[in-house]
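Working notes, beginning with the structure itself.
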Amino acid sequence: MHEPQPETVQIHINGKSVRVATGSTVAVALTLTEQACRISVRHEERGPLCAMGICMECRVTIDGVPSRLACQTLCQPNMDVRTHG
Amino acid sequence: MASVRQHSFDVLIVGGGPAGMAASSTAAAHGHKVAIVDDNPSLGGQIWRGRSFSSASKRAADKTAAAWYRKVQNAQITHLSGLRVFDSAQAGVLLAESQDGPNSQYGQWELHYRKLILATGAQERFLPFPGWTLRNVLGAGALQSMVKSGLPVAGKRIVVAGSGPLLLAVAAYMRAHGAQVVEICEQASMGQLAAFAFGLLASPERILQGMQYKLQLLGTPYRTGCWPVAAYGTQRLETVVLSDGRRTREIPCDYFACGFHLVPNVELPALLGCHLKNGFVEVDPLQQTSVPDIYCVGEPTGIGGLEQALVEGEIAGLASTGRVEQAQPLQRERKKMQSFTERLEKAFALRPELRRLPDAQTIVCRCEDVTFSQVREYASWRAVKLHTRCGMGPCQGRICGTAGEFLLGWNANSVRPPILPVRFQTMAVAPAIQEIKSQNG
């Protein structure tokens, strides 16, 4: 009935490929690989704070679309994620 | 290219957490056209987050979740996922923008409704302290959400701090996922909590729940009257400093999960003109707000947790589809829960020492990097926005505004559309609503 799900999914963060468990959000992929989501007005590195789409700290560029929320976006095969945008 | 999509429903529910799931499956039971609109990829809100639960599970909480997912699946409900509601075009019409998943065409959605049920949930309250902007300092519920969405924490050292029953749930969850929970730090005093625990005798399920946490947390210190004063690290967190008002301790850790209980998400209810009382949406015994045909359920009406959210959802589902009599037994149940909500609020009331958490250089508004010294001289939310840009960034004051309410007494409840940042293309396609009006008129 269901197609067997691959257990991991590969995405690209700033051109580098990263493999995470299927069902992981982009915020998880960034935290796991110890990368910041964005650089603040005063040049601080920032990562997720609320993880529920409210604080907007995790906004990144995904497949060319800026300001997408990493915490509410699931990793899809070959997704292109750009941080610090 | 942006486009406008129009859909009409008898009952529209905003928010796909437990309250919204209960409301929608109850409303849909009698053939009404029902939809849930939610900004997340899947149903379940922050607590269930679309994970799979088994009805054969030994845990009562898992069984409850499984039962509600099944009810929603069996009902005829349209689930609009990944859509953020940002404005109300006129009475009976909400505007939403797609952002994720299969609906990712970044168009505007017009959602027409006869009855609206607001189940917008709550967020954690964050209080600024030196170092809170470092990476790996997150909300307590936030770290749990990250783990639920795939973040492995096995072997990681985690300090859980802040306030509220959520801290215990989060710590137990982290332990179950192999993390080393170094300690749990609750700002409320033992005296405050003891009064709360005594009141719990009225509600046996909650005591059981509490004991389960205790068993799972064996060996993890639960310190009351203790709060965070700083976090250190180079870009990323390395240590946190905790205080009990007399002495401080510095503890190394990988993640700092820190949230000060919950605040309701009332932006949309406020935008729609629903009357608020003490920061919560005022509802009658049928969950109706002050605005005709608009109901509100779950945390926005009072921080009462899962069981209350489910009951309120069912009541609104029945009331919005004209089955008021069937709602009566549920109303009695809800009334019993109300006192729990009130006790919860007292037990976890924030101590005044927390107003001194930020120092002059601590960033209060993370979007615009506005410091405490820049904002503390302003007595009103309006003034601080005008003069410092605090609260003017993409989160629109959801983080700094709620902090400022406690720290400086701001009233940050004034809302203006759009209530969330919206793409320019989405805003540029507004006229469709006028066409419908002229066709109907």
**OP:** Name, by its number, the condition in (1) more than 22 Å from A:Glu57 (Cα to Cα); (2) touching a residue at least 12 places away in the same chain (Cβ under 8 Å) that does not hold for B:Gly404.
**Re:** (1)
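Could you look through the range B:262-282, keep only residues that are outside any strand (DSSP E or B) and within 14 Å of chain A (Cβ to nearest Cβ), and pick out the one that is farthest from B:Arg223 (Cα to Cα)? Spell out the reasoning first.
Within the range B:262-282, the subset outside any strand (DSSP E or B) is B:265-275, B:278-279, B:282.
Okay, now just the ones that are also within 14 Å of chain A (Cβ to nearest Cβ), so B:265-268.
Working: B:Asn265: 29, B:Val266: 32, B:Glu267: 34, B:Leu268: 37 Å.
Ranking the candidates gives B:Leu268 first.
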**OP:** Among the helices (runs of 4 or more DSSP H) lying completely within the range B:315-429, list those that include at least 3 residues that are in the same structural domain as B:Ala96 (by TED's automatic domain parsing) and polar (S, T, N, Q).
**Re:** B:328-347
**OP:** Can you confirm whether the range B:155-172 contains a residue that is closer than 27 Å to A:Thr8 by Cβ, in a helix (DSSP H, G or I), of a type outside the set (S, T, N, Q) and out of contact with any His (no Cβ under 6 Å at 6 or more places or on another chain)?
**Re:** yes
**OP:** Return the total of residues in the range B:113-158 being in contact with a Phe, Trp or Tyr (Cβ under 9 Å, 6 or more places away or on another chain), within 13 Å of chain A (Cβ to nearest Cβ) and among the basic types (Lys, Arg).
**Re:** 3
Original post:
Among the residues of the range B:293-349 satisfying the criterion of being surrounded by 19 or more Cβ atoms within 10 Å (Cβ to Cβ), of a type in the set (Val, Ile, Thr) and under 25 Å from B:Gln76 (Cα atoms), which is nearest to the chain's Cα centre (by Cα)?
Top reply: B:Val297
Subject >> Filtered residues of the range B:231-282 (kept if assigned by TED's automatic domain parsing to the domain that holds B:Ile303 and free of Cβ contacts under 8 Å to residues at least 24 places away in the same chain) >> reply: B:Gly273, B:His275, B:Lys277, B:Asn278, B:Phe280, B:Glu282
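Considering only residues that are in contact with a helix residue (DSSP H, G or I) (Cβ under 6 Å, 6 or more places away or on another chain) and free of Cβ contacts under 8 Å to residues at least 40 places away in the same chain, which ones fall in the range B:357-389? Talk me through it step by step, then tell me what you get.
If we filter the range B:357-389 for residues that are in contact with a helix residue (DSSP H, G or I) (Cβ under 6 Å, 6 or more places away or on another chain), which is where we start, we get B:358, B:360, B:362, B:364-365, B:370, B:374-375, B:378, B:384, B:388.
Across the range B:357-389, the qualifying residues are B:Ala360, B:Cys365, B:Val370, B:Gln374, B:Val375, B:Tyr378, B:Val384, B:Thr388.
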Original post:
Is it the case that the range B:292-301 has a residue that's assigned to a strand (DSSP E or B) and not hydrophobic (A, V, I, L, M, F, W, C)?
Top reply: yes
**OP:** Considering only the range B:244-261, state which residues are within 14 Å of chain A (Cβ to nearest Cβ) and among the hydroxyl-bearing types (Ser, Thr, Tyr).
**Re:** B:Tyr255
Original post:
Which one is modelled with the lowest pLDDT among residues in the range B:33-46 that are surrounded by fewer than 20 Cβ atoms within 10 Å (Cβ to Cβ) and either of a type outside the set (Gly, Ala, Ser) or not assigned by TED's automatic domain parsing to the domain that holds B:Ser81 (or both)?
Top reply: B:Pro41
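The values are calculated or read from the model by the stated rules, or taken from the named source; none is laboratory data. Note that the coordinates shown come from a computational prediction; the quantities given were computed from them, not determined experimentally. Here Cβ is always computed from backbone atoms with ideal geometry, including for glycine, and neighbour counts include all displayed protein chains.
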